[in-house]
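Here the structure comes first, spelled out in C-alpha cells, and everything after it is commentary.
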Amino acid sequence: MDKILIEGGQRLSGDVEVSGAKNAALPILASALMTSGTSFYSHVPGLQDINSILSLLSHLGAKIEKEGHQIQIDTSGANNHEAPYDLVRKMRASVLVLGPMLARLKKAKVALPGGCAIGARPINLHLKGLELLGAKIDLDHGDVTAVTDGLRGAEINFDMVTVTGTENLMMAATLAEGVTILRNAAREPEVVALAETLNRMGANILGAGTAVVTIEGVPALEPVQTRIIPDRIEAGTLMVASAMTGGDVRLKNCEPEHLGAVIAKLRSAGVIVEIDGDQIHVKGNGPVQSVDIQTMPYPGFPTDMQAQFMFLMSIADGSSLIAETIFEKRFIHVSELRRMGADITISGNTAIVRGVSQLSSAPVMATDLRASASLILAGLVARGKTVVNRVYHLDRGYEALEKKLGGLGAAIWREKG
Ligand code: EPZ
C-alpha cells in the first residue's frame, strides 16, 4: 500500500489549481442514466471514486470514453438495472444510480451500502421518498429492490437534511408524472450543479439551493454537455494548508462563494483571505487564533472540513470547541492527531482542542478521506518526518494532493507500496 512522507517545516507559497468537485461529479455522472444517448463532461477530477462510478455505469451497460479530465458517456445501451455489492461496497455514493434507474427503467436493484468509518449512514430517507413517489421497495439479502409502474409526483418532507437523498429524489422526480415538492432539501452547491445539469437536459426544477425544491416531471431527458464545478472541499483543504504553514498561496479556478463559512472562520482565526474573481489568496498572519466550529448543512460550516480545521486549531493560540453535528463517528482522526502531540478532549459530539506550540512527526494511519488529508496537513508543520499510511483513502477524493503541495514548496513524496 502506498504511503506519503512529509518533512515538516516548509512554508507554502505559490499558485495552485483547484480540481473539479467529486461530490458534484458523482451525481452528475449518475444522471447520465436518465437519458439514452451520449453526454460529455469536462473538468472531471481524476479520483478513485470517479473510477468507481464509471465502472458501475459501464456494468449497467453504458459506453465510456475518458481522456484526461474529459469523459464521454453513451447510455443508449444502459438497460441493466442491477448494481452489485462488489461495486457498491467500494463507494457508498453508488446509491445515486437508484433514482435514475428507477425513473428510466422502472426497476432497480442496488446493494445496500454498509456502514462507514464516520457513521452508520443509513439510506432510509432515500427509500421513504421513493415510496412516496410510488415505488415498491423491498430489502432482501442485502439488496434494495425498487419497482414502479410509473413514478408520480409527491410532497416529500425530509426528516433531516440529506445531500445524496435530495439528489436521488430530485433525479427520480424529474421523470415522474406531475409535480414533486422536496421540503427541508439540501442546499449544497453540488445539489445546485446537479439541478442545473438536469435542467439543461430538459428537466423542470425550481428552487435548487433553497430548502424547497419543486420538480415538474417531464416525459424524457436529452443528453448534455457540461463542466464540473470546482471542488470547495479541496480548495478549503489547500487554504488550511497555507494557514497552517504561515504560507502565501493563491488558489486558482475556485468558487469563493461556495466557501463562505470556511473563509469566515479562517479570517476569525487571524488568517488573511483575499478574493479576486475565481481566485482566493490565503496568507498567514502571525499566530493562528483559536475559533469555535459547529458543523452544519450548507451554508453552515461543512463537516468535510471539520478534521482539517481541528488540525489547524491543534496549533492555534488558545482553546477551541469543535462540534460535529452531521456524522456521529467523525472524530476518529483524533487519536492519530494525539499521537502527534495534540491536546484534545472529546465530550459527546464536541472536541475541546487546546492549541500546542508544535506537533511532532509520527507514523500515522489514515481512517477516511478527510482525515487522511488532515494528517498530511499536520505533517506539513510537525517537527521531523511524518509517515501517513493507507493513503488509498486520500486518492478517493484528492487528485495528486502531494504533487500540488510539493508544487507549493512542501517536502512531501509518495512511496509506492
Ligand atoms: C454527502 O454524503 C457527501 N458525499 C459527504 O461527503 C458529506 O460529508 C455529506 O453529504 C454531508 O455534507 C457525497 O456527496 C457523495 P447526508 P451523504 O445524507 O449524502 C443521515 C466526503 O468526504 N441520513 O447528507 O451520504 C446521515 O447518516 C463525503 O466527500 C439518514 O439518517 O450525507 C448523516 O448523519 C463524506 N438517513 C446525515 O443524515 C438517510 O437516508 C447527513 O447525511 C440519509 C442521511
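Each value in this text was obtained by applying a stated rule to the coordinates, not by laboratory testing. Computed from a predicted model, the values in this text were never measured in an experiment. Heads up, the Cβs are rebuilt from the backbone with ideal geometry, glycines too, and the neighbour counts pull from every protein chain shown.
Worth a mention:
- Selection status of Ala172, among the hydrophobic types (A, V, I, L, M, F, W, C), within 16 Å of the ligand (Cβ to nearest atom) and closer than 17 Å to Arg104 by Cα: yes
To keep it simple, each residue is scored yes or no on (1) within 16 Å of the ligand (Cβ to nearest atom); (2) hydroxyl-bearing (Ser, Thr, Tyr); (3) under 21 Å from Leu408 (Cβ atoms); (4) over 18 Å from the mean Cα position of the chain (by Cα).
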| residue | (1), (2), (3), (4) |
| --- | --- |
| Leu221 | no, no, no, yes |
| Ile229 | yes, no, no, no |
| Thr245 | no, yes, yes, yes |
| Ala261 | yes, no, no, no |
| Glu274 | no, no, yes, yes |
| Phe301 | yes, no, no, no |
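- All positions within region 169-205 that are part of a loop (DSSP other than H, G, I, E, B) and either farther than 17 Å from Asn124 by Cα or of a type in the set (Gly, Ala, Ser) (or both): Leu175, Ala176, Gly178, Ala185, Ala186, Arg187, Glu188, Met201, Gly202, Ala203, Asn204
- Criterion (crowded, with 19+ Cβ neighbours inside 10 Å, closer than 26 Å to Ile6 by Cβ and in contact with an Asp or Glu (Cβ under 9 Å, 6 or more places away or on another chain)) met by exactly one of Phe309, Phe331: Phe331
- Matching residues in region 133-160 - criterion: being more than 27 Å from Leu87 (Cα to Cα), surrounded by fewer than 18 Cβ atoms within 10 Å (Cβ to Cβ) and under 28 Å from the mean Cα position of the chain (by Cα): Glu155, Asn157, Asp159, Met160
- Residue count for region 55-70, restricted to those that are touching a residue at least 40 places away in the same chain (Cβ under 8 Å) and touching a helix residue (DSSP H, G or I) at 6+ places or on another chain (Cβ under 6 Å): 1
Every residue, every condition in (1) surrounded by fewer than 24 Cβ atoms within 10 Å (Cβ to Cβ); (2) in contact (Cβ under 8 Å) with a residue 60 or more places away in the chain, yes or no:
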residue	(1), (2)
Gly236	no, yes
Ala243	no, yes
Gly247	yes, yes
Asn253	yes, yes
Ile272	yes, no
Asp278	yes, no
Tyr298	yes, yes
Met305	no, yes
Thr325	yes, no
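- Residues of region 33-54 that are in contact with a helix residue (DSSP H, G or I) (Cβ under 8 Å, 6 or more places away or on another chain), within 16 Å of the ligand (Cβ to nearest atom) and small (Gly, Ala, Ser): Ser52 alone.
- Verdict on Gln294 being of a type outside the set (Ser, Thr, Tyr) and within 28 Å of Thr166 (Cα to Cα): yes
- Residue ID - nearest to the ligand (Cβ to nearest atom), chosen from residues in region 100-123 that are in contact with a Lys or Arg (Cβ under 8 Å, 6 or more places away or on another chain) and not in a loop (DSSP other than H, G, I, E, B): Gly119
- Identity of the residue in region 223-244, part of a helix (DSSP H, G or I) and among the β-branched types (Val, Ile, Thr), that ends up farthest from Met310 (Cα to Cα): Ile233
- The residues of region 1-51 that are in contact with a Ser or Thr (Cβ under 7 Å, 6 or more places away or on another chain), hydroxyl-bearing (Ser, Thr, Tyr) and surrounded by fewer than 22 Cβ atoms within 10 Å (Cβ to Cβ) amount to a single one, Ser36.
- Contact map, region 1-29: residues that are without any contact (Cβ under 8 Å) to a residue 60 or more places away in the chain and more than 30 Å from Leu57 (Cβ to Cβ) paired with residues that are crowded, with 24+ Cβ neighbours inside 10 Å and of a type outside the set (Lys, Arg), Cβ distance under 8 Å, separation 6+ or inter-chain. No pairs are found.
- Test for Ala373: is it under 25 Å from Gly46 (Cβ atoms), within 26 Å of the chain's Cα centre (by Cα) and either more than 16 Å from the ligand (Cβ to nearest atom) or crowded, with 21+ Cβ neighbours inside 10 Å (or both): yes
- Any hit, region 351-360, residues being within 16 Å of the ligand (Cβ to nearest atom) and buried (at least 20 other Cβ atoms within 10 Å of the Cβ): no
- Subset of region 55-99 (residues that are under 21 Å from Asp143 (Cα atoms), assigned to a loop (DSSP other than H, G, I, E, B) and more than 16 Å from the ligand (Cβ to nearest atom)): Leu60, Gly61, Ala78, Asn79, Asn80, His81, Pro84
- For region 271-330, a residue qualifies if it is in contact with a helix residue (DSSP H, G or I) (Cβ under 8 Å, 6 or more places away or on another chain), outside any strand (DSSP E or B) and closer than 17 Å to Thr245 by Cα, and the qualifying residues are Val271, Gly284, Val288, Ser290, Ala307, Gln308, Phe309, Met310, Phe311, Leu312, Ser314, Ile315.
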